[in-house]
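First up is the structure itself, then whatever we jot down about it.
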Amino acid sequence: MSESAFTQLLDLACGAFLLAAVVVLWRRELAAIVRLFVLQGLALAAIALLLGVHEERWDLIAVALGIGALRAGLLPYLIRRALTALVNDGSGGGGEARETQPLVNVAASLLTAAALTLLAYAVTRPLVELDPTPATRALPVGLAVVLIGFFVLVTRRRALAQVVGFLLLDNGITATAFLAASGVPLIVELGVSFDVLLAVLVLQLLTTRMREAFGTTDLDDLRELHD
């Protein structure tokens, strides 16, 4: 693969990766948010695959395939299954399928995403100047998704929406590792992926139990019940 083709494809994958995170802030339907997470997982896998092909590293190509299977396949499937169970439990759970009242509205969320992206570019500028390779120049994208994922995590009221925020945060950390160090060892990525899978399974179980016990997964409603 030529250097120019690699740069263009990497920029395209990174752009799709960041765009998916930003659009999550715009959408309210949890099913649509899960679909966006699938697209972001595919973009993350594409980033790893491009690095592996460009550097002729079979371990990175294997990691890319694993990322695609886990983060664009298994994890979205688990979240979608939990969402379906909440909506179809026969107790009027249709309201759980939409994030109705986030702590920050859409306009303010999009402006915050723009500010966080600019912050990511400002923070990573010294690192980019040290080694201005195509991968390093895309490093701000990974950090921006980390910040946006954390923002989603702290501003969403639905438990499943917060799970997606956690996964966005993890995707951003993974992308940052790939872009900063041209990937991570296979055993490390497998360990992190299994930890994330375990966390999602636990959160899915807790979300289901919360719905069965309290009739909602809105954390503000649960605080009111506690009070």
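The values are calculated or read from the model by the stated rules, or taken from the named source; none is laboratory data. Computed from a prediction, not measured in an experiment: that's the story for all the values here. Neighbour counts are summed over all protein chains in view; Cβ atoms, including those assigned to glycine, are modelled from backbone coordinates with ideal geometry.
On the given criteria, is ALA85 of a type outside the set (Lys, Arg) and modelled with pLDDT of 85 or more? Lay out the reasoning, then the answer.
Numbers: of a type outside the set (Lys, Arg): yes; modelled with pLDDT of 85 or more: no.
So ALA85 fails the test.
Within the range 29-36, is there a residue that is part of a helix (DSSP H, G or I), without any contact (Cβ under 8 Å) to a residue 40 or more places away in the chain and surrounded by 23 or more Cβ atoms within 10 Å (Cβ to Cβ)?
no
So if I check each of ILE61, ILE47, ILE79, which one is at pLDDT below 85 and in a helix (DSSP H, G or I)? Full working, then the answer.
Values: ILE61 fails: at pLDDT below 85; ILE47 fails: at pLDDT below 85.
Sole residue among the options that is at pLDDT below 85 and in a helix (DSSP H, G or I): ILE79.
Within the group ARG223, ARG125, which residue is at pLDDT 55 or above, of a type outside the set (A, V, I, L, M) and assigned to a helix (DSSP H, G or I)?
Selected residue: ARG125, the only one of ARG223, ARG125 that is at pLDDT 55 or above, of a type outside the set (A, V, I, L, M) and assigned to a helix (DSSP H, G or I).
Of the residues in the range 138-161, how many are closer than 16 Å to LEU103 by Cα and touching a residue at least 40 places away in the same chain (Cβ under 8 Å)? Don't jump to the end; show me each part of the working.
Kept after step one, since they are closer than 16 Å to LEU103 by Cα, are these residues of the range 138-161: 148-161.
So of that shortlist, the ones also touching a residue at least 40 places away in the same chain (Cβ under 8 Å) come out as 148-149, 151-152, 154-161.
Count: 12.
Just to check your reading of the model, which residue among LEU65, LEU30, LEU19, LEU39 is farther than 27 Å from LEU103 by Cβ and out of contact with any Cys (no Cβ under 7 Å at 6 or more places or on another chain)? Let's see the steps before the verdict.
On the way: LEU30 fails: farther than 27 Å from LEU103 by Cβ; LEU19 fails: farther than 27 Å from LEU103 by Cβ; LEU39 fails: farther than 27 Å from LEU103 by Cβ.
When all the criteria are applied, what remains is LEU65.
Looking at the structure I just gave you, is LEU110 assigned to a helix (DSSP H, G or I), at pLDDT below 85 and in contact with a helix residue (DSSP H, G or I) (Cβ under 8 Å, 6 or more places away or on another chain)?
no
Does the range 163-170 contain at least one residue that is farther than 22 Å from LEU51 by Cβ, in contact with a Phe, Trp or Tyr (Cβ under 8 Å, 6 or more places away or on another chain) and in a helix (DSSP H, G or I)? Can you show your working first?
So the first thing to find is which residues in the range 163-170 are farther than 22 Å from LEU51 by Cβ, and the list is 163-166.
If we keep only those that are in contact with a Phe, Trp or Tyr (Cβ under 8 Å, 6 or more places away or on another chain) as well, we get 164-165.
Applying the additional criterion that residues be in a helix (DSSP H, G or I) yields 164-165.
Yes, there is a match, as at least one residue in the range 163-170 is farther than 22 Å from LEU51 by Cβ, in contact with a Phe, Trp or Tyr (Cβ under 8 Å, 6 or more places away or on another chain) and in a helix (DSSP H, G or I).
Every residue in the range 175-192 that is of a type in the set (Val, Ile, Thr), more than 17 Å from PRO134 (Cα to Cα) and either surrounded by 17 or more Cβ atoms within 10 Å (Cβ to Cβ) or modelled with pLDDT of 85 or more (or both), please.
Pass one, the range 175-192, residues of a type in the set (Val, Ile, Thr): 176, 184, 187-188, 192.
In the following step, the residues that additionally are more than 17 Å from PRO134 (Cα to Cα) were identified as 184, 187-188, 192.
Listed by number, the list holds a single entry, VAL184.
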